[in-house]
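J.: Here it is: the structure, laid out below.
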Amino acid sequence: MIQAARIVHMDELELYFAGDDDIGPFSARNELEALNLLFKMMNKLLLTSDAASKEVFQMLQDEIVVRLRSVGKKDNAQMVSQTQNHDAEDSLLKWGEHHGVKSKLRIAFYQGAGRGMVASESIGVGDTALEIPESLIISEELLCQSEVFLALKDFNNITSETMLLLWSMRERHNLSSKFKTYFEALPENFNTGLSFGIDALAALEGTLLFDEIMQAKQHLRQQYEDLFPLLCTNFPEIFRKDVCTWDNFMWACELWYSNSMMVVLSSGKLSTCLVPVAGLLNHSVSPHILNYGRVDEATKSLKFPLSRPCDAGEQCFLSYGKHPGSHLVTFYGFLPRGDNPYDVIPLDLDTSADEEDGAAQSMSTSQTTHMVRGTWLSRSGGFPMYGLPQPLLSHLRAALGCGLDESTTEADIKENDRVLLETLLSIFNPMLEDLPETDESDRESASWDVKLALDYKDLQRMIISSIVTSCTSALENAPRWKLKVLH
Ligand SMILES: C[S@@+](CC[C@H](N)C(=O)[O-])C[C@H]1O[C@@H](n2cnc3c(N)ncnc32)[C@H](O)[C@@H]1O
């Protein structure tokens, strides 16, 4: 049952990396989705079955909960909590409660992560940890009632996302705003990759993250220059020069990048929103809250139900989505703990030889090239997979003329794979040389952004180094390969 449920919830990335006879678990996300599917099935069966069957279904459901508890325990356990002044956060919770927020969570502080939310009581699978009334959600619909909207609705095809950004830049300074308490509880600085200084950028030069940050910054600079000072000139009452500075614009951009959620509102419209209080939930690759984002028609509120249990005093994590470390650094300013299955390194290879492979085909139709990730995430080290994805190996074997069939002799197989491994090393060894090891004394005295840049480079090095190690040891072990698995 669990194997079928895992397959139902596999995404493209998991399909790409799964070995032929791999039965999972494939990732924390996949395992949570699969176990939740079974949990819900048991709930239905428990409602409709007779007493004798009920006992069996209850035992099965209890076992599912035991498994859900163990998913990702080690990933989240390491955050260190801190004592800190929390007047602004207390005010935010009171304000929320006054406006109808229902919560089984309280706020705590964590080293390196700012605020987070902790269960004030034990919360079970399927229970709602937090419920935010739709009237508190900052969305396109709220925007439509604002001065900013009235002024800009017919102005130069400006998008509602940009209007919301401008609205929040302005509302932060509006002393009579309904959302004053929310804005007061937001950080002064977001410290995302978009705020990286020159030293952090220099540390990243040559990496994909460097390109991602530079492109995003350029885009935002262009957007700012298209809007200002034009808006201040055309609408001086609404867009005051002292408020519409580059720094304030960037603050609003970082707010939306790091705190927004996609929500289906009760109108049925999917909108990028800010959700007060829920914006205090931190991200994990093994989250408690995985499925959220649709306003409940009956209660007109956004509910955050748990996909795995959260004990009293435990930090309750959300999933911000299937993001690689580079995206999380650029737009959120952190790298998550634990193995992130979305940390892949794309490879620029000619994909024309992929026709045979189903998974590779689906990747190439979605314009994705081949990719690798840390071999420690794979269950198939050694011959014939070496911890690498099947579609990549099939592509390289075909490109090198090392294809296999029933008639390939053992000696040919060994020779072919020796060529394959040497080709892989010729791709990955230069990548590793471009990522020299960090001097630990540099890290200790470094600023937050340089530290984060170095952590990102360490992660890239770990991934590439795992591939080099895997290929090197496979070459050394070639005489002892067992070839039966190949055909
Ligand atoms: C939606 S906010 C969450 C609340 C935030 N910690 C705060 O104090 O306002 C997103 C920000 O929280 C931080 N964050 C979230 N998850 C994190 C994690 N697993 N580790 C470190 N920082 C995290 C990052 O700074 C991110 O930009």
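The values are calculated or read from the model by the stated rules, or taken from the named source; none is laboratory data. Model, not experiment: these values are computed from the prediction. Note that we place each Cβ from the backbone using ideal geometry, even for glycine, and neighbour counts take in every protein chain shown. Note: accessible area is taken over every heavy atom of the protein model, side chains too, but ligands, DNA and RNA are not part of it. Shrake-Rupley method; radii C 1.70, N 1.55, O 1.52, S 1.80 Å.
J.: Could you list which residues have their amide H under 5 Å from that of L349, counting only those 5 or more apart in sequence or on another chain, with H placed in the peptide plane?
T.: For L349, the qualifying residues are H370.
J.: Further question on the same structure: To the nearest 500 deg cm²/dmol, what mean residue ellipticity at 222 nm is calculated for the chain from DSSP H runs of n ≥ 4 alone, each contributing -39,500 (n - 2.57), summed and divided by the residues?
T.: Working: 20 runs with 228 residues, N = 487.
Using -39500 (n - 2.57) per qualifying helix, the result is -14500 deg cm²/dmol.
J.: Mind giving me the nanometre distance, one decimal, between the label points for F155 and K300, set 7 Å out from Cα along Cα→Cβ?
T.: Going by the 7 Å Cα→Cβ label model, 3.0 nm.
J.: May I pose another question? Determine the share of the chain's accessible area contributed by carbon and sulfur atoms, expressed in whole percent, with a 1.4 angstrom probe.
T.: 52
J.: Turning to a different aspect of this structure: Keeping all protein chains in place and using 1.4 angstrom, which order do M431, M41, M371 fall into by accessible surface area, from largest down?
T.: On the way: M431 55, M41 80, M371 10 Å².
Solvent-accessible surface, decreasing: M41, M431, M371.
J.: How much of the DSSP bridge set in the chain is antiparallel, in percent, rounded to the nearest 5?
T.: Percentage antiparallel, nearest 5: 90.
J.: Using DSSP loop states and a limit of at most 16 other Cβ atoms within 10 Å to flag GluC sites (Glu not before Pro), what is the longest stretch of the chain containing no flagged site?
T.: Counting only loop sites that pass the neighbour cut-off, the longest clear stretch is 1-120.
J.: Please report the projected area of the stretch 1-94's Cα convex hull averaged over all directions, in nm².
T.: On the way: hull surface 41.6 nm².
Here the figure is 10.4 nm², rounded to one decimal.
J.: Enumerate the helices in the chain for which the Kyte-Doolittle hydropathy averages 0.0 or more and the C-alpha atoms extend at least 27 Å along the helix's axis, using complete DSSP H runs.
T.: Taking the DSSP H segments of the chain (at least 27 Å long, mean hydropathy at least 0.0), we get 28-48, 51-70, 448-477.
J.: With every protein chain left in place, what is the accessible area per residue of the chain in square angstrom, probe 1.4 Å?
T.: Here the residues of the chain average 48 Å² of exposed surface.
J.: Suppose we keep just the alpha-carbon trace of the stretch 242-296; what are its Rg and Dmax in angstrom?
T.: Using the Cα atoms of the stretch 242-296, the pair Rg, Dmax is 13.9, 43 Å.
J.: I would also like to ask the following. Show R294, R69, R172 ordered by accessible area, largest first, where the area counts protein heavy atoms only and the probe is 1.4 Å.
T.: Largest to smallest exposure gives the sequence R294, R69, R172.
J.: Could you compute the FRET efficiency for V56 and K102, with r as their C-beta to C-beta distance and R0 at 25 Å, rounded to 0.05?
T.: 0.10
J.: Two decimals is fine: what is log10 I(q)/I(0) at q = 0.09, 0.11, 0.13 Å⁻¹ for the chain, from a Debye sum with one equal scatterer on every Cα and no solvent?
T.: -0.75, -1.07, -1.34
J.: Something else: Testing the spin-label approximation: label points 7 Å from Cα along Cα→Cβ at V264 and L47. State their distance in nm.
T.: Result for the modelled spin labels: 1.9 nm.
J.: Regarding the stretch 43-175, what are the three Cα extents along the principal axes, ordered largest first, in Å?
T.: Extents along the principal axes: 66, 41, 29 Å.
J.: At 1.4 Å probe size, put L230, L349 in order of accessible surface, largest to smallest.
T.: From most accessible down to least: L230, L349.
J.: Tell me, how many Å apart are the Cα centres for the stretch 95-121 and for the stretch 369-417?
T.: Here the answer is 49 Å between Cα centres.
J.: So for the chain, taking the charge dipole from beta-carbon charges (+1 Lys/Arg, -1 Asp/Glu), which of Q315, L270, S466 sits furthest toward the positive end?
T.: So the residue we want is Q315.
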